[in-house]
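First the structure, then my questions, so here it is.
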Amino acid sequence: MTIPSEEGFPDEASPAGTSGTGDIPFELHVDDLDDASWRADLTGLLALGCLSGWFDWCGHRIAIRTLTTDEELIVAQLIREYEGGLGSAKAYATATAGICVESIDHQPMPVPLGEHPNKPYQWALQRFNYARRWYPPTIDAIFDAFLQLEIRQKAVIAGLGKASSQGESATPGLSASSA
């Protein structure tokens, strides 16, 4: 058995998965927004902010999406036992990764066959437990992609707000100056 020379190991300043410049070792592909879905009366608010995308990670295609408010609250519940400890950040990243992943290699994430009336969020617990079996580099890659998707979500929402305020006048009776 031979021991590799020190030249074969990456230096501590540049992890093996990156180029040493802090770049993320994958490209997140964001699906186009369906203009009609978020513009629909009232129900458009339900779709506003929903973005999905995919990225290739170590030979696997991982599809992710942004979380709803309910799902963000579920993440908070799932990690309750880890709060205040050293595992808090890792539990948050793992729960978020487990819930935001829609599919891996075009195979949907596992879900329970039926919901128990006393455990309506069993699917989220199952996804969290499934994601806990992944190794940290995979969780980190998924969480990094999720954060990129959230940044894109904020930019899109900000852009939509600017576009609507430039092209439309204020609704009568709702301005701050009306008394």
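Just so it is clear, none of the values below were taken in a lab; they were calculated from the coordinates. Everything quoted here is computed from the prediction, not taken from an experiment. Neighbour counts run over all protein chains shown; Cβ positions are idealised from the backbone, glycine included.
Looking only at Cα atoms, what is the convex hull volume of the stretch 45-146 per residue, in Å³?
It is 114 Å³ per residue.
According to a simple spin-label model (label point 7 Å from Cα along Cα-to-Cβ), what is the distance in nm between residue 61 and residue 134?
Placing both labels 7 Å along Cα→Cβ, they lie 1.7 nm apart.
With each pseudo-label sitting 7 Å past Cα toward Cβ, what's the residue 76-residue 27 distance in nm, one decimal?
3.8
Using 0.36 nm per residue, how much length does the chain from residue 68 to residue 48 gain when fully extended, once their Cα-Cα distance is taken away?
Stretched fully, the residue 68-residue 48 segment lengthens by 6.2 nm.
Setting aside same-chain residues fewer than 8 positions from residue 162, which lysines have a Cα under 29 Å from its Cα?
154
Tabulate in residue order the Karplus-calculated ³J(HN,Hα) for the stretch 147-159, using 6.51 cos²θ - 1.76 cosθ + 1.60 with θ = phi - 60°, rounded to whole Hz; enter x for Gly and Pro.
Values per residue, Gly and Pro as x: 5, 4, 5, 5, 4, 5, 4, 4, 5, 5, 4, 4, x Hz.
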